[in-house]
């Protein structure tokens, strides 16, 4: 099984994902001679692909293009496009790390290449997707933030401290 990740702009750790995805490919009995290409791109590219292939005029997080055909180079399973900026937004919205969200979208795309369709099934694709994400992203679920939330610190430490100081000054 060959999985290629094309990332010209976002500097993801390709090997981090490839190790996990190749294990999943074996687990799902994907053709070991097959090839899958995953491309990370921006919202403009996502919108253009979504319009061209699905006639939807907006960017989307993941698109899958199954081929499942024998080519001169070998068996080609298909392509997956992931919109990196949307993955970033979704990671924040869902309170998960960016690596986890990117991995979720990669797994989602692979399942589509295998014929799963969450729009037609009764939840099987989503269940399998989340089982795989949970299994292979253990310990990688920390939320990444660019800021520190001091709310809990303030409530747990500062409020009692302020009350103590106020009582001390008041002489009680």
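Read-outs: derived from the displayed coordinates by stated rules, not from any lab. What you see is a predicted model; the values in this text were computed from it and never measured.
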_If I take every Cα pair under 8 Å that is 6 or more residues apart in segment 2-141, average their sequence separation and divide by the length, what percent do I get for the relative contact order?_
20
_Could you give the length gained by full extension between residue 128 and residue 10, i.e. 0.36 nm per residue of separation minus their alpha carbon distance, to one decimal place?_
39.7 nm
